[in-house]
Each structure stands twice: as structure tokens, then as C-alpha cells.
Amino acid sequence: MKTDISGSTSHFRQLLAADLQALLSDHRDFLARHAAEHDGRIIKAAGDGYWLEFPSVTGAAKAAIAMQEALRLAQLSRGDDRLAIRIVITLGDIAVRMATLSVMLLRSPPASKR
């Protein structure tokens, strides 16, 4: 799973440095907590985005749904000023080479070759 805060550049410009650090720390804790509830964990940070791994795609999907629902419920009265995250779920093996995270995606052959 890959996440990042939607519209972070414009949102972050409005924050003081201490407020930005608090937001990023809270965001990391939020992701880690929801991932752990579905046997997942953060494996790499990338700015305001994170790579997470789960033992199953089902766990990743359940965590993503829980994250989006928790954000929605926590910000009911914020309107357009609410924090939103993008979440992408991939299926594949994870390999770390020279301290770089690589995701090798599993692809099905085209229907004509099955």
C-alpha cells in the first residue's frame, strides 16, 4: 500500500513548522495504528507518504477503508478544509535493494494468452 496526503503542498504552506511536525507525526501514528489493526506495518516514509505492507490484499483493503472512514468521521464539520489521503494498493512482492524499496507487481497474462 502507498499513501500520501492529498493537496499537501498548499495545506502545509499554511502551517507553522511546529504544527507541520505535529500533523506529520499524528498522520504517521494514524497510519501505523490502522495498519496494525489489519496485521500491516509501515516499511518506508517518503515525505508525507508512506509505503505499508500487509500479509494479504484483504487486510490492506480493510485498513484502507478504515483509514478513509476514520478521517471522514473525524472531520465532519471541516468541509473543504479537511485532510484527505490517497491510497493505492498493489499486489506483489517487496524487495529492498541498496536501501531502496522496490515493488515487483504481479500481473496476469493478457486474456488472449491464458
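The values are calculated or read from the model by the stated rules, or taken from the named source; none is laboratory data. It should be emphasised that the depicted structure is a prediction, and the values quoted were computed from it without experimental measurement. Every residue, glycine as well, gets a Cβ built from its backbone with ideal geometry; the counts of neighbours run over all protein chains shown.
List of remarks:
- Count - residues of the stretch 35-54 that are within 10 Å of the chain's Cα centre (by Cα) and not in a strand (DSSP E or B): 2
- Residue that is nearest to L91 (Cα to Cα), among those in the stretch 28-40 that are without any contact (Cβ under 8 Å) to a residue 24 or more places away in the chain and surrounded by 12 or more Cβ atoms within 10 Å (Cβ to Cβ): D39
- Pairs, first part of a helix (DSSP H, G or I) in the stretch 2-21, second at pLDDT below 75 and surrounded by 15 or more Cβ atoms within 10 Å (Cβ to Cβ), C-beta under 9 Å, six or more apart: L20/F12
- Residue within the stretch 5-26 that is hydroxyl-bearing (S, T, Y), within 10 Å of the chain's Cα centre (by Cα) and modelled with pLDDT under 95 present: no
- From S77, S56, residue being modelled with pLDDT under 95, more than 16 Å from T3 (Cα to Cα), of a type in the set (S, T, Y) and surrounded by fewer than 12 Cβ atoms within 10 Å (Cβ to Cβ): S77
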